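The values are calculated or read from the model by the stated rules, or taken from the named source; none is laboratory data. Nothing here was measured: the structure is a model prediction, and the numbers come from that model. So basically every Cβ, Gly included, is an ideal-geometry build from the backbone, and we count neighbours across all protein chains shown. Remember, those area values only see protein heavy atoms, side chains included, never the ligands or the DNA or RNA. Shrake-Rupley method; radii C 1.70, N 1.55, O 1.52, S 1.80 Å.
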Amino acid sequence: MAVAGDDGGELIVGDVTHTGGRALAIGLSSSTDAGGRPLVSVGWVEQGEQLGLTLDEAVALRDELTRIIDDAGSARPRDD
């Protein structure tokens with residue numbers, strides 16, 4: 001897995017080594033919410049489907065990902 005940026009300012013996460021690799025693209029959308037704020041776009045590269053998140057939803061997602069990462073980092077390997 002790799003993390004890269006593209007010319008459009010998106011963050012690309014996943015298999016970026018060849019065409020057809022599975023990767024997520026995350027960036028600001030040209031669409032806006034009811035308050036005129038830009039949406040955060042999350043979608044599979046080359047799949048054409050995207051999820052538009054409001055900034056509040058994107059913050060909630062970030063916080064949840066941070067919690068998951070922190071939990072995983074503090075997990076101790078079990079002696080089986």
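Things to note:
- Length gained when the stretch residue 13-residue 72 is fully extended (0.36 nm per residue, less Cα-Cα span): 19.3 nm
- Sites listed here are GluC sites (Glu not before Pro) in segment 45-80 whose DSSP assignment is loop and whose Cβ has at most 16 other Cβ atoms within 10 Å: 46, 49.
- Cut-off under 5 Å, modelled amide H: who pairs with residue 16 long-range: 2
- For the chain, the relative contact order comes to 16 percent (Cα pairs under 8 Å, sequence separation of at least 6).
- Helix 55-74 vs. the chain, principal-axis angle (Cα, 0 to 90°, nearest 10): 20 degrees
- Sequence of 70, 15, 33 when ordered by accessible area, the most exposed leading, probe 1.4 angstrom: 70, 15, 33
- Annotation: amide H-H contacts under 5 Å for residue 28 (H modelled 1.01 Å from N, sequence separation of 5 or more, or interchain): 41.
- Rg and Dmax of the chain, Cα atoms only, in Å: 15.6, 54
- The heavy atoms of residue 39 present about 30 square angstrom of accessible area, all protein chains included, probe 1.4 Å.
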